[in-house]
C-alpha cells in the first residue's frame, strides 16, 4: 500500500480577486495508475474548476467520490480551503474535509454517496456518475501554442491525458511551426486518443488543462470516430474552419484518415494557409528538436 499526498492544487481566484480556493489530497493505492500524482491532481483540478461555486463540503465530496471512481484508489481525504482576501472580510479562511473509503460512505454521516453515485446537487451539474462509457471512441485533439516552450507544454498535456484511466494516446503528430503575416508565430500538433470517457467529459478535462496554463496553449477536440475506424466526423459548428495547422500534422500522423468522407491530404491541399505551416521536428517527443 502506497500513501500519497498532493497539496495546494489551485482552483483559481474569484472574479474580483477576493477569494482563492485550493485543494489538498491524501490517498492510498495499491496500483500504479493511482500513484500517478500529476494525473490525479489534474483530474481533481478539472472537477474543482468545473464545480466552483458549490458549497465547500459538496465540492470536497464530489472530488473524493469521482477520483476514487476514476482511479484505483483505496481511500482518499480531500480538503478544500477558501481564503478571503478582500477588505472587510468576516474571516480569513474556511475549509471542509471529507474522507472516502472504497467500500464505505464518506465521513459525513448525513450524506452517504456510494462509489460512482450521482452528480452534485443543482441543475446542470456537468459531471455524470463516476464510470466510463463502455463504448470506446477515437478522438483527435489539436494542440496549439505561441509559447517558445510549446513542445514541453504539449508533452505535459499528452502525459496527463494518457495517465487518466480510460484513455490511451495512440498517436502524436510531428511538431509543426505555424507562421503568420502579423508575426504571431506559433507551434501546433495533434494527438489521437482512444477513450472510454464521454466526449463532453473529455472536453471538460481539456478545458481545465487549458485554463491551468492561463492562455499558453489551446486544446480542441476536432474529430471523433468509432474505435479503429479511420473515417472521422468533425466536431464543432464549422468544420471548414479547420486550417492547415490542424490538417497538416494530422495528415502526417494518420495519412489514411478521412474527415467527413474526404481524405485529409485533399482537405489540407484545399486550405488557404497550407504554405504557412511546416514540420519543425518529428523527434520532439524524444526530448529534442530535429
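Assigned by TED's automatic domain parsing to the domain that holds residue 147 and either free of Cβ contacts under 8 Å to residues at least 12 places away in the same chain or more than 13 Å from residue 144 (Cα to Cα) (or both): does that describe residue 229?
Criteria met by residue 229.
Being surrounded by fewer than 19 Cβ atoms within 10 Å (Cβ to Cβ) and either at pLDDT 75 or above or in the same structural domain as residue 201 (by TED's automatic domain parsing) (or both) is the filter; apply it to region 13-29 and report the residue that is nearest to residue 165 (Cα to Cα).
Per the criteria, the residue is 28.
Can you tell me which of (1) at pLDDT 80 or above; (2) closer than 19 Å to residue 198 by Cα; (3) part of a loop (DSSP other than H, G, I, E, B) is the one residue 130 doesn't meet?
(1)
Go through 223, 265 for me and flag whichever is over 21 Å from residue 137 (Cα atoms) and touching a residue at least 12 places away in the same chain (Cβ under 8 Å).
265
Scan 35, 95, 107 and give me the residue that is touching a strand residue (DSSP E or B) at 6+ places or on another chain (Cβ under 9 Å), at pLDDT below 70 and assigned by TED's automatic domain parsing to the domain that holds residue 8.
Answer to the check: 35.
Which residues, counting only those in region 167-198, are in a loop (DSSP other than H, G, I, E, B) and either out of contact with any strand residue (DSSP E or B) (no Cβ under 6 Å at 6 or more places or on another chain) or more than 20 Å from residue 225 (Cα to Cα) (or both)?
Answer for region 167-198, where residues must be in a loop (DSSP other than H, G, I, E, B) and either out of contact with any strand residue (DSSP E or B) (no Cβ under 6 Å at 6 or more places or on another chain) or more than 20 Å from residue 225 (Cα to Cα) (or both): 174, 179, 180, 181, 182, 183, 184, 185, 196, 197, 198.
Tally time: how many residues in region 243-257 are farther than 17 Å from residue 187 by Cα and surrounded by 19 or more Cβ atoms within 10 Å (Cβ to Cβ)?
Taking region 243-257 first, the residues farther than 17 Å from residue 187 by Cα are 254-257.
If we keep only those that are surrounded by 19 or more Cβ atoms within 10 Å (Cβ to Cβ) as well, we get 254, 257.
Residues meeting the conditions: 2.
Are any residues in region 41-58 touching a residue at least 60 places away in the same chain (Cβ under 8 Å), more than 15 Å from the chain's Cα centre (by Cα) and part of a helix (DSSP H, G or I), and if so, which ones?
Across region 41-58, the qualifying residue is only 58.
Criterion first (under 21 Å from the mean Cα position of the chain (by Cα) and modelled with pLDDT under 90) does residue 235 satisfy it? Steps first, please.
On the way: under 21 Å from the mean Cα position of the chain (by Cα): yes; modelled with pLDDT under 90: yes.
For residue 235, the condition - under 21 Å from the mean Cα position of the chain (by Cα) and modelled with pLDDT under 90 - is met.
Kindly establish whether residue 277 is surrounded by 17 or more Cβ atoms within 10 Å (Cβ to Cβ), in the same structural domain as residue 143 (by TED's automatic domain parsing), over 28 Å from residue 51 (Cα atoms) and in contact with a strand residue (DSSP E or B) (Cβ under 8 Å, 6 or more places away or on another chain).
Criteria met by residue 277.
Give me a count of the residues in region 134-177 that are without any contact (Cβ under 8 Å) to a residue 12 or more places away in the chain and more than 20 Å from residue 45 (Cβ to Cβ).
Adding up the residues that qualify gives 2.
The values are calculated or read from the model by the stated rules, or taken from the named source; none is laboratory data. All values derive from a computational prediction rather than experimental measurement. Positions of Cβ are generated from backbone atoms using ideal geometry, with glycine treated the same way; all protein chains shown enter the neighbour counts.
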